[in-house]
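What follows is a set of notes on a single structure, which appears directly below.
The values are calculated or read from the model by the stated rules, or taken from the named source; none is laboratory data. Here the structure is a predicted model, which is why all the values come from computation and not from measurement. Counting neighbours? That spans all protein chains shown, and the Cβs are built from the backbone with ideal geometry, glycine included.
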Amino acid sequence: MPHIQLSKNSVSNINISRISVISNTILTFGKLVCGIWMSSAAVISEGVHSGIDLIAAVIAFLSVRQSGLPADREHPFGHGRYENISGFVEGVLIFMAALLIIIEAVEKILNPSAVRQLSVGMAVMGVSAAVNILVSSLLFRVARKTESVAIEADAEHLRTDVITSLGVLGGLLMIKLTGWHILDPLIALGVAGLIISVAVRITRKSFEGLVDTKIEADEERRIIRAIEEKSGQMVWLHEIRTRKAGVDRFVDLVIYGCHNLDIEKVHQICDTIEEKIKQEINNANILIHVEPCPDVECNHKMSECRMLKNKGV
């Protein structure tokens, strides 16, 4: 099997995904064992939450490996959408986690029982929050650098886990101070509500990449500005279409060119425009279609070109 060279960004994504998988494995096991021993719905809910985070981390790890592969005959536009699919699946898994937590909490409300070993649970929640603060910060840093949807979704999971872990820690402290064990399932329901809100955000963002949503407005403005810099060479933008797939950006341009330009000059200008856009936009894939100027009565002199004058050039 031939060796496939991955990009630097893909290697970074894979390495940080490994760290996420390892940390989530340890935290999931610790929380579930502790929650069952304590008979705490809140701690068990956190174990389920971390278990879903673990599954999400594994999915992210596999997706970034796949999305980092170069374009091939079967995938001429690359593999970027594997990350959007990953993020969408992760969002669905988070919904499932919230449902399991709600079921466990309702069962605890209907059949109440005292929570044991509160101090142990508080310690586990504190350690979990600290670990996830560190790992999620690393994930967010890599996601911003590589524009990885899958890594960002994984970071969102862990950042939510930090909040819920601190919430459970505070709830266990309240139970210890007040003796109100009913707080345990109520905290679990609060955790479920927060998880659902995160699931909605991640699912929506991932789904946008699956339905050919255009690139960010700022990126589109930079593309237009790059083309306008070449207006003095008697070309101008007629139409722009963009879409994104994972970290990849696809840009289709229709450009008007003066009748007086020969094909070599047009090709040179298009190459310059393409290079300029790639300097402005990472992972840009550009297709330029050139049409002749629609002003057939123009005498094709740059100083008298009506199309350019109308654009203030």
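Among the residues of segment 166-190, the ones that are of a type in the set (S, T, N, Q) and more than 22 Å from Ser113 (Cβ to Cβ) come to 0 in all.
Here segment 102-129 is the region considered, the condition is being among the hydrophobic types (A, V, I, L, M, F, W, C) and not in a helix (DSSP H, G or I), and the residue that is surrounded by the fewest Cβ atoms within 10 Å (Cβ to Cβ) is Ala114.
Residue-by-condition table, conditions (1) within 20 Å of Val48 (Cβ to Cβ); (2) under 22 Å from the mean Cα position of the chain (by Cα):
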residue: Glu90; (1), (2): yes, yes
residue: Met96; (1), (2): yes, yes
residue: Ile102; (1), (2): yes, no
residue: Ala114; (1), (2): no, no
residue: Gly121; (1), (2): yes, no
residue: Ile133; (1), (2): no, yes
residue: Ser136; (1), (2): yes, yes
residue: Ser148; (1), (2): no, yes
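If you go through segment 42-60 one residue at a time, do you hit one that is outside any helix (DSSP H, G or I) and either within 26 Å of Val120 (Cα to Cα) or at pLDDT below 80 (or both)? No.
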